[in-house]
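Asker: Starting off with a structure, shown below.
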Amino acid sequence: MKRTAFIIGLGLIGGSIALAIRAEHDVTVLGYDISQQQQKMALSLKVIDKAVDSIEDGVKQADLIVLATPVLKTEELIRELCQLEMKRGAIITDVGSTKKKIVETAACLEDKDVVFIGGHPMAGSHKSGVEAARVHLFENAFYIFTPVNQTDVRHIIQLQNWLKGTKATFMELTPEEHDRFAGLLAIFHIL
């Protein structure tokens, strides 16, 4: 049976992840964005196979759920996911630039028979929107995962397999290590 990836947030990062997944796997890619225009653009550019009308519609079908939204919206979406029915064994990840609060919020998913693994692709562009999405956006960049102690290594490998089309270098840090590391990078970038 064909697997399904669901991308919530069809901007530069979400669109680029969708393209990388499509390049590597024979899957169905569903997409959702609060902007109908972004959804239509993602469909016309073949970034996604189908736009769904609601988050609930997408998560029911998804083997992989990617929250490609700003950090505060991601926390809100995680709380929403905790109330929804999801596919058993689904892997959920995000792309947020801070991890500790997101991972803490995701603790509510532990009883849902799904797996949350925080993620942060360390790449971007001065451009935005799904029309700027590129399959190679993350190539040679670090893609940091922030699993919690009880995360089964098999699930981390599954997520890496889903995202191998990014051609990124995968790295694991605790949420606290990630936030210190990202904070230092931000300081040095400013200077």
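Every number here is computed from the coordinates shown, using simple stated rules; none is lab data. Bear in mind that the values here come from a model prediction, so they are computed numbers and not experimental data. All Cβ positions, glycine included, derive from the backbone under ideal geometry; neighbour counts span all protein chains shown.
Asker: Taking all pairs of different Cα atoms in the range 31-78, averaging 1/r and flipping that mean, what Kirkwood radius in angstroms comes out?
Answerer: Working: mean 1/r = 0.0872 Å⁻¹.
For the range 31-78, inverting the mean 1/r across all distinct Cα pairs yields 11.5 Å.
Asker: Quick one: which residues, 5 or more positions from Gly31 or on another chain, have an amide H under 5 Å from its amide H? H modelled 1.01 Å from N in the peptide plane, none for Pro or chain starts.
Answerer: Those qualifying (amide H under 5 Å, at least 5 residues apart or on another chain) are Ile7, Lys50, Ala51, Val52.
Asker: Between His155 and Asp49, what FRET efficiency follows from the Cβ-Cβ distance if R0 is 22 Å, with the result rounded to 0.05?
Answerer: Approximately 0.35, to the nearest 0.05.
Asker: OK, next. Of the options Phe116, Gly129, Leu45, report the single residue whose Cα projects farthest towards the positive end of the charge dipole of the chain (beta-carbon charges: Lys, Arg +1; Asp, Glu -1).
Answerer: Value: Leu45.
Asker: Considering only Val47, Val153, Val59, give the residue with the highest GNM mean-square fluctuation for the chain, with springs between Cα atoms whenever their separation is below 10 Å.
Answerer: Greatest mean-square fluctuation among the candidates belongs to Val153.
Asker: Let me have the 222 nm mean residue ellipticity of the chain computed from DSSP H runs of 4+ only, each contributing -39500 (n - 2.57), with the sum over all residues rounded to the nearest 500. Present the calculation step by step, with values, prior to reporting the outcome.
Answerer: Numbers: 7 runs with 72 residues, N = 191.
That comes out to -11000 deg cm²/dmol.
Asker: For the range 1-103, just the Cα atoms, rotate onto the principal axes and tell me the three extents in Å, largest first.
Answerer: Over the range 1-103, Cα extents along the principal axes are 34, 28, 25 Å.
Asker: Evaluate the charge dipole of the range 92-191 about its Cα centre and quote only its size in Debye, nearest 20, assuming +1 on the Cβ of each Lys and Arg and -1 on the Cβ of each Asp and Glu.
Answerer: Working: 10 positive and 12 negative charges, 76 e Å.
Dipole of the range 92-191, to the nearest 20 debye: 360 debye.
Asker: May I ask you to evaluate 6.51 cos²θ - 1.76 cosθ + 1.60, the Karplus curve with θ = phi - 60°, for each residue of the range 49-64 and list the ³J(HN,Hα) values in order in whole Hz, giving x for glycine and proline?
Answerer: 8, 8, 9, 9, 7, 8, 4, 4, 4, x, 5, 4, 9, 8, 8, 10
Asker: Just for the chain, what percent of DSSP beta bridges are antiparallel, to the closest 5? Don't skip to the answer; put the middle values down first.
Answerer: Numbers: 4 of 26 bridges.
The answer is about 15 percent antiparallel.
Asker: How big is the charge dipole of the chain about its Cα centre, in debye rounded to the nearest 20, if each Lys and Arg gets +1 on its Cβ and each Asp and Glu gets -1 on its Cβ?
Answerer: Numbers: 21 positive and 24 negative charges, 110 e Å.
Value, rounded to 20: 520 debye.
Asker: Determine ³J(HN,Hα), in whole Hz, for all residues of the range 166-179 in sequence, where each value follows from phi through the Karplus function 6.51 cos²θ - 1.76 cosθ + 1.60 and θ = phi - 60°; x replaces Gly and Pro.
Answerer: 6, 6, 8, 9, 7, 8, 10, 9, 6, x, 5, 4, 4, 5
Asker: Once you've got the GNM for the chain with C-alpha springs shorter than 10 Å, pick whichever of Asp53, Asp152, Asp33 has the biggest mean-square fluctuation.
Answerer: Of the options given, Asp152 has the highest mean-square fluctuation.
Asker: Mind telling me which of Ile117, Ile34, Ile91 comes out most flexible in a GNM of the chain, alpha-carbon contacts under 10 Å?
Answerer: Looking only at Ile117, Ile34, Ile91, the largest GNM fluctuation is found for Ile34.
Asker: Regarding the chain, what are the three Cα extents along the principal axes, ordered largest first, in Å?
Answerer: 40, 39, 27
Asker: What whole-number value in cubic angstrom gives the convex hull volume per residue for the C-alpha atoms of the range 5-64?
Answerer: Numbers: hull volume 4.0 nm³, N = 60.
Cα convex hull per residue, to the nearest whole number: 66 Å³.
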